[in-house]
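> Below you will find the structure I want to go over with you.
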Amino acid sequence: MHIMEGYLPAAHAIGWTAAAAPFLAYGVKKLARQMREHPESRLLLGASTGFVFVLSSLKLPSVTGSCSHPTGIGFGTTLFGPGIMFVAGFVVLLFQALLLAHGGLTTLGANTFSMAIVGGLVAWGVFRAATVLRLSSGAAVFLAAMLSDLATYVVTSLQLALAFPDPAGGFTAAAAKFLSIFAFTQLPLAVIEGLLSVLVMNLLRAH
Amino acid sequence: MLRLIDINAHTNRWRAKTGAVMLLCAGLMACALFLPPVACAPLILAATWLAALAGARVPARDFAKAFVIPMGFLATGALALCLSLTWDDGVRIAFAREGARTALQTSCRAAAALSVTLLYAFTSPLSRTLALLRRFRVPAALIDLMGLAYRTIFLLDESRAAILRAQQNRLGWRNARRALRSAGLAAAALFTRTHARAARLERGLQSRGYDGGALPVLLPPSAASARDYALALLVPALVAATTLLL
Amino acid sequence: MPPPILEARDLHFAWPGMARAAGLCGAQRLRALDGVSLALRPGARLALLGANGSGKSTLLLHLNGTLRPDSGVVLHDGAPLDHSKRGLLALRQRVALVFQDPDDQLFAGTLAQDVSFGPLNLGLAGDAVAQRVAEALAAVGLENLGEMPLHMLSHGQRKRAAIAGALAMRPRALLLDEPTAGLDPEGVSSLLAHLDDLNAQGIAILFSTHHLDLARAWADEAAIMSEGRVLAHDGGEAVFSNEELLQTARLRCAPHRRAQRAPGHA
Amino acid sequence: MPPPILEARDLHFAWPGMARAAGLCGAQRLRALDGVSLALRPGARLALLGANGSGKSTLLLHLNGTLRPDSGVVLHDGAPLDHSKRGLLALRQRVALVFQDPDDQLFAGTLAQDVSFGPLNLGLAGDAVAQRVAEALAAVGLENLGEMPLHMLSHGQRKRAAIAGALAMRPRALLLDEPTAGLDPEGVSSLLAHLDDLNAQGIAILFSTHHLDLARAWADEAAIMSEGRVLAHDGGEAVFSNEELLQTARLRCAPHRRAQRAPGHA
């Protein structure tokens, strides 16, 4: 779920870019180290980033009849781990802006923050928690993919509410408004992405 | 959209002037973000569309197509901004005059910023963007990642299209349940293919002296002249001056 | 003469961005299809001959409704293709398309699982599915390999596996895009023998190729495509012996002349 | 006679898991290479003929040091291959391998960038690299497409692009795995003409194929591979006219016999 180009006022665009920057710097550092220590992973990391991009252009059937796209963040986190996922997610969002006119450059910081960083951290956290709680791997993958989707949706709604507080009800009312507007599309999508992730994991595990 | 934008980026008249285009777009984007949106949006729209269609000779149909789709999303977004939510005495949704003004400003800013991004996307080959980023000392690890991702995207996208076609030929998308399963099969197949591709590329590049380190490539020569750079500075300055004076 | 199963009438089609890409590559072509007409009759053995880029694959994608022409019409049993979801479902049970690269069409784990994909989508029950899978595998000579994971099959076996996946839909017409690409002589023979059997059961077969000899040996009729047009469509020798036509369609290469060797490298 | 650039002596090699896979498929083969010996002399035009799975690609991967044999040795200019990092880099300047699937070797954003990769790995400076890129692109007739992204090139152009990438290393020997696979007659002619030019400049060329006619038309000598062994290696006709040998190597298909057609489908 992306905020479109130019939608956020300058201060917000810059603020979210600044908020995402340290995470990206950390991710790039991890990426460089990974490539240095495991040279054989360089091509795979590049190809996998391409994979996440293509995965996110895969049309999914949706309950409402409209089509939707997975974010690939849950999947990406299993591929990359959280640090490198920040970078891979950033690259996917940048390419979506430049190659698909989807999302945007001024909103790249905000979108990276909600999708790659918060989404990635939630997915990673859920995996860790699931391991501690000894959930089945299917349940872990489902929850990680679904909750990271939901987290992205919640953060995006809050970002919008911060930028556009309700004239009458302020931030809280605006947050409630954006959360409820996007709930129609984002709640089913989160469930579908969770199911899809489990399906893919089972298929890959079988072979 | 992937191919539409990419083909234009590689065939337009400004394809070898990416440095100047980047400067121009950075300036225009700054105008779109920092100047009063309602006043400057028309100027930015005029400048970007003129640049894309008359300067770079991007076909109007392609450019308009890429512009219209996000503008559709904008319409819903703007509507949301016009509505106000209160729950003092039961949940009430109302039209907010103040919200409408925000919606107008936001729409103008978004339309202007979008057209700047499209101008850049439609005129600048991605490999040249990466070459510029390399000059700006962006870490090589990140550039290599982006370069490989760019190449892989087109390989995998062809596979994705072919796999989906094959599934549709065998009725794999006839209802939601089967479609979900087909999507899962496609994603798993693409994942497997990604791994195989990377392994085969590793072997293929080894035969060209690759040792697992960085992926050096020769940077393409730029065709941008001093005049191009001057124009790239002048146009945003004019937009800013006009907006502030009027 | 029975009416055609499929008939293309004056199809025009351009891939998005094609004209511009052509300009850059120095090519002249602006359209992938430039007025194509072609008919496939029940039980036919039709070879679609053309050089790479002549528009063969694009035409096949129109014949099974994957692509819609910019102008022109495709008829199925005399009626224009119904591009609605329901219409395409019906069409694809009768007209099966097999792509050149088998890896794009095989996605389930084992061979039998993959072949079952179509029948399961038809909503058939377990027994019926199993029967169709067994039939389809037998038709291409892979009946003993059903439990094999797909990546362990050879290229020739995967080609036949893709055909089995299409056969499990029990089509009346089988459209094959370059079915012999990448196969060695033995692989080609074996594939053609299986196509013979299918044709003998009444399935119309249309395959695209750029191998003249192959078309000559196997097909009853041949259509020659070049630059998005069908230059000729005829029963056999009339087409194959027209040297000028074959040259125009770039199906005959200039006889290879060896360059002068540098002295000292004999 | 000059000593061979490359010589394989009694190579044995099995892919991991090969024996197990063979058991499952009912195949007998346990090794990809089963005692292969072969020599490539300076300036030679050698065709490596064999059916799919005969071990051609595996042999080529040994000749440029990508794979190490389980037993046996590869000699380069008479000395055993040095598999150290430095040794391999030196080898690969002199012996270039072009894979069957061009996408296995192409990775960069544009064609010119891709070709520059090899020379840059050799540590050359910008000007020298640019000159090598220009030369290599000209040698395969792609000099006008340097700025094109790889995904906008046709299959035939990508094949030639992969060869350009190899040529930019200025090798003495060029090993090509199925260079004509997927090319139409015109594409084959054009490729062979470029190979002629390269050979005339003194580059030894070894290519693998399963097309007898192609080998006969182009090569000076041919080696026949089957089941991981070289059955014969000879100068031209002696090999091509040995029908029994060609049958054993599955390079001749049984002439195609048309099945009886079912009545009513004429």
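> State, in angstrom, two size descriptors of the stretch B:133-207 derived from its alpha carbons: Rg to one decimal place and Dmax to the nearest whole number.
Cα radius of gyration and Dmax of the stretch B:133-207 are 16.6, 50 Å respectively.
> Could you work out which residue, out of B:224, B:60, B:232, moves most in a Gaussian network model of chain B, that is, has the largest mean-square fluctuation with Cα springs under 10 Å?
The residue with the greatest mean-square fluctuation here is B:60.
> Among B:23, B:234, B:43, which one shows the highest mean-square fluctuation when chain B is modelled as a Gaussian network with alpha-carbon springs under 10 Å?
The residue that fluctuates most here is B:234.
> May I pose another question? Once D and B are treated as a pair rather than alone, how much accessible area drops out, both sides summed, in Å² to 100, probe 1.4 Å?
Working: alone 13570 and 15820 Å², together 26330 Å².
Buried surface at the D/B interface: approximately 3100 Å².
> Taking each label point as 7 Å beyond Cα in the direction of the beta carbon, state the distances from residue C:143 to the same residue in the other copies, shortest first, in nm.
6.1
> Distance in nm between label sites at residue B:69 and residue C:170, each 7 Å beyond Cα in the beta-carbon direction?
For residue B:69 paired with residue C:170, the spin-label model returns 4.0 nm.
> Now for a separate question. For the stretch C:205-252, what D do you get in µm² per second when you plug the Kirkwood radius from alpha-carbon pairs into Stokes-Einstein at 10 °C and 1.306 mPa s?
D, rounded to a whole number, is 149 µm²/s.
> Cα gyration tensor of chain A, axes a ≥ b ≥ c as square roots of the eigenvalues: rounded (a/c below 1.5), prolate (a/b > b/c) or oblate?
Details: a/c = 1.69, a/b = 1.25, b/c = 1.35.
Oblate, because a/c is 1.5 or more while a/b does not exceed b/c.
> So what's chain C giving for Rg/Rh, alpha carbon basis, Kirkwood Rh from the mean inverse pair distance?
1.01
> Can you list the copy-to-copy distances for residue D:130, using a point 7 angstrom from Cα toward Cβ, in nanometres, shortest first?
Between copies, matching label points for residue D:130 lie 7.0 nm apart.
> Another question, then. Let me know the number of lysine pairs in the protein assembly as shown closer than 26 Å at the Cα, not counting same-chain pairs under 8 apart.
Number of lysine pairs found: 11.
> Round to a whole number: what % of the accessible area of the stretch B:133-207 belongs to carbon and sulfur, probe 1.4 Å?
Whole-percent figure for carbon plus sulfur exposure: 53.
> Let me ask you something else. Using only Cα atoms, what Kirkwood radius does chain B have, in angstroms?
For chain B, the Kirkwood estimate is 21.5 Å.
> If each label sits 7 angstrom from Cα along the C-beta direction, how far apart, in nm, is residue D:87 from its counterparts in the other copies?
Label-point distances to the other copies, shortest first: 6.7 nm.
> Right, another one. Averaged over its residues, how many other protein chain Cβ atoms are within 10 Å of peptide B:73-80's Cβ atoms?
That average works out to 3.
> While we're here: Using the heavy atoms of the protein chains and a 1.4 angstrom probe, tell me the accessible area per residue for chain B in square angstrom. The partial results should precede the final answer.
Details: 10220 Å² over 246 residues.
On a per-residue basis, 42 Å².
> Suppose each label sits 7 Å from its Cα in the direction of the beta carbon; what would the residue B:50-residue C:155 distance come out to in nanometres?
Roughly 5.6 nm, to one decimal.
> 5 Å is the cut-off here: which amide hydrogens, built 1.01 Å from N in the peptide plane, fall below it relative to residue C:6, excluding neighbours closer than 5 in sequence?
C:40, C:77
> What ³J(HN,Hα) values, in whole Hz, does the Karplus curve 6.51 cos²θ - 1.76 cosθ + 1.60 give for the stretch D:200-213 when θ = phi - 60°, with x put for Gly and Pro?
Karplus values, whole Hz, x for Gly and Pro: 5, 7, x, 7, 6, 10, 10, 10, 9, 6, 10, 9, 4, 4.
> So, one more: Count the DSSP beta bridges whose two residues both fall in the protein assembly as shown, then state the antiparallel fraction as a percent rounded to the nearest 5. Mind dumping the intermediate values first?
Numbers: 44 of 83 bridges.
Roughly 55 percent of the DSSP beta bridges within the protein assembly as shown come out antiparallel.
> Let me ask something else. When chain C is modelled as a GNM with alpha-carbon springs shorter than 10 Å, which of C:156, C:126, C:53 fluctuates the most?
The residue with the greatest mean-square fluctuation here is C:126.
> Which angle between 0 and 90 degrees, to the nearest 10, do you get for helix D:155-167 versus the longest principal axis of chain D when only C-alpha atoms count?
The answer is roughly 60 degrees.
> Turning to a different aspect of this structure: Suppose R0 equals 22 Å; then what is the FRET efficiency for residue A:69 and residue A:180 from their Cβ-Cβ distance, rounded to the nearest 0.05?
Computed FRET efficiency for residue A:69 and residue A:180: 0.50.
> If you don't mind, another one. Pop out the ³J(HN,Hα) list for the stretch C:178-183 in order, Karplus 6.51 cos²θ - 1.76 cosθ + 1.60 with θ = phi - 60°, rounded to Hz; leave Gly and Pro as x.
Whole-Hz 3J(HN,Hα) from phi for the stretch C:178-183: 6, x, 9, 4, x, 8.
> Let me ask something else about it. What is the log10 of I(q)/I(0) for the protein assembly as shown, computed with the Debye formula using one identical point scatterer on each Cα and no solvent, at q = 0.09, 0.10 Å⁻¹?
Relative scattering, expressed as log10 I(q)/I(0), comes to -1.08, -1.32.
The values are calculated or read from the model by the stated rules, or taken from the named source; none is laboratory data. Quantities reported herein were computed from a predicted structural model and do not represent experimental measurements. Neighbour counts are summed over all protein chains in view; Cβ atoms, including those assigned to glycine, are modelled from backbone coordinates with ideal geometry. The area values use the complete protein model at the heavy-atom level, side chains included, leaving out ligands, DNA and RNA. Shrake-Rupley method; radii C 1.70, N 1.55, O 1.52, S 1.80 Å.
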